[in-house]
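The values are calculated or read from the model by the stated rules, or taken from the named source; none is laboratory data. The model shown is predicted, which means the values in this text are computed figures rather than measured ones. All Cβ positions, glycine included, derive from the backbone under ideal geometry; neighbour counts span all protein chains shown. Side chains are part of the model used for accessible areas, which takes the heavy atoms of the whole protein and leaves out ligands, DNA and RNA. Shrake-Rupley method; radii C 1.70, N 1.55, O 1.52, S 1.80 Å.
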Amino acid sequence: MFVQVCLYFYCKCLWRCLKFVVRKLTGQCELQRICYNTKPGAARTMKIEASLKGSKSKRLQTSVNVHPDAIEKTIDDIMELKRINPDINPQLGVSLQACLLQIVGYRNLIAEVEKLRREPYDSENPQHEEMLLKLWKCLKPNSPLKARISKQWCEIGFQGDDPKTDFRGMGLLGLYNLVYFAEWDTEVAQQVLTDSLHPKYSYSFAIVGINITDLAYNLLVSGALKTHFYNVAPEAPTLTHFQQTFCYLMHEFHKFWIDEDPLDIMEFNRVREKFYKRILRQLQNPEMALCPHFAASESLINM
């Protein structure tokens, strides 16, 4: 243990000495070198984030936790601390601001998603009930729901006659995602629902949607989705970006499930774990955008 601690501090000191030498040779600090030599997107933003968090300056370390409204002032503070003339390096401030918007936005997105996950479904709340009924109408537009408490809910993959009990694990987040999928990607959602009723590949659509919500949530809080969001969101990633990612994951899992040709639903956990590991491997690529048709790559070019 003592040897490991000594090795850690030795490597840390060596790294700082190397950074000092490189700055003297290039005339640029690490933040400048990253912004000038790394193209916009996850590769740049993740390097900037690591550089700020690993700085010996407390001001730089805390810059990744500022309020979005304080980002411009934070950039000015960074430029002053690093003794960088903004008039000579105008593009640097723009690049750093774009990175901080993504970094701070990702942190705020986790907080927003967590709040939804912790809020339980309340059948006495008219808004909650309205969203649940919207889910039915989007998925089964030609089959009116005969009653709020009904066995019909099983037709879209809930376990019983009242879906509220199925939202316990993911709270309102599960409902938000399912409604977004059904409302904004209706054709795909209806096709996935139809396929999920096939005798050979059957699974409970709504329950799997809540489970994939859990998968997306874990990818988010672990930081794995930074690669994706930093590549598709030119500024702060939002709840909409998260819901679009859920739609992608739901569709991809459906195809993966069919390709795996499971014997029955008892193989769900095995297939889910295999799918999760595949997504994690994809996200290790700094160029990765899980759903590129949502990407705003044109907005990233000159940031």
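Being over 21 Å from TYR180 (Cβ atoms) and of a type in the set (Lys, Arg) is the requirement here; does LYS140 meet it? No: the conditions fail for LYS140. Figure legend. Inter-residue proximity from segment 265-283: first residues within 20 Å of ALA224 (Cα to Cα) and free of Cβ contacts under 8 Å to residues at least 12 places away in the same chain, second residues of a type in the set (A, V, I, L, M) and not in a helix (DSSP H, G or I), beta-carbon distance below 6 Å, spacing 6+ or different chains. Indicated pairs: GLN282/MET288. Among the residues of segment 151-182, those identified as crowded, with 16+ Cβ neighbours inside 10 Å and in a loop (DSSP other than H, G, I, E, B) are GLY157, PHE158, MET170.
Looking only at residues in segment 207-222 that are in contact (Cβ under 8 Å) with a residue 60 or more places away in the chain and farther than 13 Å from PHE268 by Cβ, the one that is most open to solvent (accessible area, probe 1.4 Å) is VAL221.
Selection over segment 50-77 of residues that are over 13 Å from VAL104 (Cα atoms), in a loop (DSSP other than H, G, I, E, B) and open to solvent by 100 Å² or more (accessible area, probe 1.4 Å) gives a count of 1.
If you go through segment 229-244, how many residues are in contact with a Pro (Cβ under 9 Å, 6 or more places away or on another chain) and not in a loop (DSSP other than H, G, I, E, B)? First the steps, then the outcome.
Just the residues of segment 229-244 that are in contact with a Pro (Cβ under 9 Å, 6 or more places away or on another chain), to begin with: 229-232, 234, 236.
So of that shortlist, the ones also not in a loop (DSSP other than H, G, I, E, B) come out as 229-232.
Looking only at that region, the number is 4.
If the condition is being more than 24 Å from the chain's Cα centre (by Cα), touching a residue at least 24 places away in the same chain (Cβ under 8 Å) and crowded, with 16+ Cβ neighbours inside 10 Å, then segment 90-125 contributes only LEU92.
Residues in segment 275-303 that are modelled with pLDDT under 90 and either out of contact with any Ser or Thr (no Cβ under 9 Å at 6 or more places or on another chain) or open to solvent by 60 Å² or more (accessible area, probe 1.4 Å) (or both): 11 in all.
Please tell me if GLY171 is farther than 17 Å from HIS254 by Cβ and modelled with pLDDT under 95. Before you say what the answer is, go through the steps one by one.
Details: farther than 17 Å from HIS254 by Cβ: yes; modelled with pLDDT under 95: no.
No.
A count restricted to segment 132-150 and to residues that are assigned to a helix (DSSP H, G or I) and open to solvent by less than 40 Å² (accessible area, probe 1.4 Å) stands at 5.
Scanning for something under 30 Å from LEU60 (Cβ atoms), charged (D, E, K, R) and without any contact (Cβ under 8 Å) to a residue 40 or more places away in the chain, does segment 185-193 turn up at least one residue?
Within segment 185-193, the subset under 30 Å from LEU60 (Cβ atoms) is none.
No: zero hits.
For segment 231-267, a tally of residues being open to solvent by less than 20 Å² (accessible area, probe 1.4 Å), at pLDDT below 95 and out of contact with any Phe, Trp or Tyr (no Cβ under 6 Å at 6 or more places or on another chain) returns 2. Does segment 183-202 contain at least one residue that is open to solvent by less than 50 Å² (accessible area, probe 1.4 Å), modelled with pLDDT of 95 or more and within 17 Å of the chain's Cα centre (by Cα)? No - not one qualifying residue is present in segment 183-202.
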